Amino acid sequence: MSNLNIFKKNADYLLLGLVLLLAIFSITMIGSTHISTGFFARDTIVQSGAYVIGFLAVVIINMFHYSALKEQRRILYIVSIIFLFTVYIPFLGVEQFGSRAWINLGITTIQPSELVKILFVFIMASYFEEHRHDLYNFKGLLKAIIMAGPIIVIVLKEDLGSALVFCSIWLSMIFYVGVDLKALGKFFALFFLSIPLAYVFMAPYQKERIEAFLHPENLDLAGNYQVWQGKVAIGSGGFWGKGLFNGTQKELDFIPVQTSDFIFSVTIEELGFLGGIVLLAIFMMLLFRCTRILRFSQDIYGGLIVAGFIGMFLFQIFENIAMNMGIMPVTGITLPFLSYGGSSVLSSMIAIGIILNVGVHNKGIKF
């Protein structure tokens, strides 16, 4: 039986259905931010196109076995480093929102770190499976840190939020494969001790965001005004919301980066607390289905891959929503599946395709 036939027979169609719901949610809310000039604005069309490509990617991914890249760790590592450095190529790399983390392809821009997240999961899954017995001592854990370090440091230089996502992927995989708690405690001690050093090397805009989070009452600090407006929008939505396409904070352009970073604020203003609960329920069900595939995974490599992507989704969902509510710093992390951005949508859809791939190739899994 071909891989594609296995996919058709055993795919988690409920998980695919949840992703489709989020796609409809995303396109509707992005269209809402442009309702005064026309629902089908460029952003709406680009997001729709990204989802079409994304669902096609899910099918293509499932024509292969998820272990196809298992022995290519070193190649993937080199490709990841090279791809991340493309943002520094003159006339190719561009700066947006204070960080140089995008490359300009003419018709659109791509954020390399979004796609490198996928490669990073494969790299670390291969490494952790091979060295899983070494993680029960601090030396082995330190080697795992050194393995992931160069990629995370490069991403940190470009974008703090993305670097935190990479860290969440790494931690999720560590907890899944198993680690000595004493060794992990030493790691966290080392991590917290290194924060002052890391702060020194942060870009000015990154320091400004941290400073703003520590002093939320100062609206002159970068990011605080945006967060304040986001919270006003969330509060003004009430229980039922102002109605789809009727958001005033959005329409008067008070909410910043409406289609991306603060899409959650737009959603709550128009659909209210009830709409927020529905959205969170969809996210929770999606994570539950992914966790179900993880639980039934029969090999460590496949399980590590799914664990990495769960960590990625979970942190991004938490950080973006918390950022909109002012309880986490503004980091520019997108809300998976909902925020505008071809790179973000495509990386999320590729992750879903790979998770489904792990699920359909493990016997005994029943949906």
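The values are calculated or read from the model by the stated rules, or taken from the named source; none is laboratory data. Not measured: the values here are computed from a predicted model. Quick reminder, even Gly has a Cβ in these numbers, built from the backbone with ideal geometry, and neighbours come from all protein chains shown. Accessible surface is based on the protein model in full, side chains and every heavy atom, while ligands, DNA and RNA are left aside. Shrake-Rupley method; radii C 1.70, N 1.55, O 1.52, S 1.80 Å.
So the values come out like this:
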| quantity | calculated |
| --- | --- |
| Relative contact order [Cα under 8 Å, 6+ residues apart], the stretch 1-152, whole percent | 16 |
| Mean Cβ count within 10 Å, highest first, over the residues of peptides 161-169, 305-313 | 305-313, 161-169 |
| Percent accessible area from carbon and sulfur atoms, the stretch 12-73, protein chains only, probe 1.4 Å | 76 |
| Flagged links, alpha-carbon separation over 28 Å, of Lys117/Lys207; Lys9/Lys70; Lys70/Lys207; Lys70/Lys186; Lys207/Lys231 | Lys70/Lys207; Lys70/Lys186 |
| Dipole of the stretch 203-307, positive direction: furthest Cα of Leu274, Gln206, Phe262, with charges on the beta-carbon | Leu274 |
| Computed over the chain: relative contact order in percent, which uses C-alpha pairs under 8 Å that are six or more apart | 27 |
| Farthest positive-ward along the stretch 75-144 dipole, Cα basis, beta-carbon charges - from Ile103, Asn137, Ser113 | Asn137 |
| The stretch 135-290: relative contact order in percent, alpha carbon pairs under 8 Å with at least 6 residues between | 16 |
| Gyration tensor verdict on the stretch 105-224 (Cα atoms; rounded if a/c is under 1.5, prolate if a/b is larger than b/c, oblate otherwise) | oblate |
| Solvent-accessible ranking of Asp220, Asp261, largest area first, probe 1.4 Å | Asp220, Asp261 |
| Local electrostatic count, Leu190, Cβ distance below 15 Å [Lys/Arg +1, Asp/Glu -1] | +3 |
| Helix runs (DSSP H) in the chain reaching 30 Å along axis by Cα, Kyte-Doolittle at least -0.5 | 263-296, 300-325 |
| Size of electric dipole in the stretch 1-129: Cβ of Lys, Arg +1 and of Asp, Glu -1, about Cα centre, debye, nearest 20 | 200 |
| Proximal aspartates and glutamates to Lys139, defined as alpha-carbon separation beneath 14 angstrom and excluding residues fewer than eight positions away on the same chain | Asp180 |
| By average C-beta atoms within 10 angstrom, highest first, the peptides 317-325, 51-59, 263-271, 178-186 | 263-271, 317-325, 51-59, 178-186 |
| CD proxy at 222 nm, helix term only [per DSSP H run n ≥ 4: -39500 (n - 2.57); per residue of the chain; nearest 500] | -23000 deg cm²/dmol |
| Selection from Ser126, Leu20, Met328 lying farthest towards where the dipole of the chain points positive, charges on Cβ | Ser126 |
| Which label in (1) 5, 23, 33, 26, 11, 1, 0; (2) 5, 22, 30, 26, 15, 3, 0; (3) 5, 20, 20, 12, 10, 11, 11, 8, 4, 1, 0 gives the computed P(r) over Cα pairs in 10 Å bins from 0, in percent | (1) |
